[in-house]
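Data first, discussion second: the structure below is written as structure tokens.
The values are calculated or read from the model by the stated rules, or taken from the named source; none is laboratory data. Model, not experiment: these values are computed from the prediction. Virtual Cβ from ideal backbone geometry, glycine too; neighbours counted across all protein chains shown. Keep in mind that these areas ignore ligands, DNA and RNA; they rest on the heavy atoms of the full protein, side chains included. Shrake-Rupley method; radii C 1.70, N 1.55, O 1.52, S 1.80 Å.
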Amino acid sequence: MTTVNNTIEASSRYAKVIEQLLAFTAAADPTKSAAAEMFPRGNVIGHPGNQDGVTTWDTFKLPASVPDGTRIMFEYQPGLWTSRNTYGRVDNGDGTADYKVQEIFATNVQDNAALLAHGMNLDSTSYVHPTLQGWLRFVSRLSQAEKLKFYP
């Protein structure tokens, strides 16, 4: 594998190929990408008023540090987790923001529920498509030398 990699990097045809493996993979296991537990986002601050398990809802109050467009995962009841895709953020000016969610269905959400951000999609057969948080992590870990290949 090293020989193939070195040949690709030495080729003028692939002069702008970047070495992304270390930036993309988990520090603990270089065969895996970053998992949701690597992206703690705090706790769910608020949720819709009617928590009867039947009424659907589409808004969350979360820490304002959650980027709009993040796929979040939260522990809605002890030991039980579910996910939503956020969009349409409205900043409250107090360190919180209200987010709309794409998946609209009833879930009783416990107060102060643990909140994580997904790094990869939910395709359980491949896990090959990074989500927003996965891309943000990747770009932040990519070395400047690799970035300069594209923007010298």
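Remarks
- Those residues of the range 17-41 which are open to solvent by less than 40 Å² (accessible area, probe 1.4 Å) and outside any loop (DSSP other than H, G, I, E, B), in sequence order: Ala23, Thr25, Ser33, Ala36
- Cross-chain or 6+ apart pairs with Cβ under 6 Å, the range 100-112 first and hydrophobic (A, V, I, L, M, F, W, C), then in a loop (DSSP other than H, G, I, E, B) and open to solvent by 90 Å² or more (accessible area, probe 1.4 Å): Ala106/Val54
- Tyr87 touching a strand residue (DSSP E or B) at 6+ places or on another chain (Cβ under 6 Å) and touching a residue at least 24 places away in the same chain (Cβ under 8 Å): no
- Residue that is modelled with the lowest pLDDT, among those in the range 106-136 that are hydrophobic (A, V, I, L, M, F, W, C) and open to solvent by 20 Å² or more (accessible area, probe 1.4 Å): Leu122
- Checking each residue in the range 80-105 for being among the polar types (S, T, N, Q) and open to solvent by less than 70 Å² (accessible area, probe 1.4 Å) picks out Thr82, Ser83, Asn85, Thr86, Asn92, Thr96.
- Subset tally (residues that are hydrophobic (A, V, I, L, M, F, W, C) and closer than 18 Å to Gly53 by Cβ) for the range 67-113: 9
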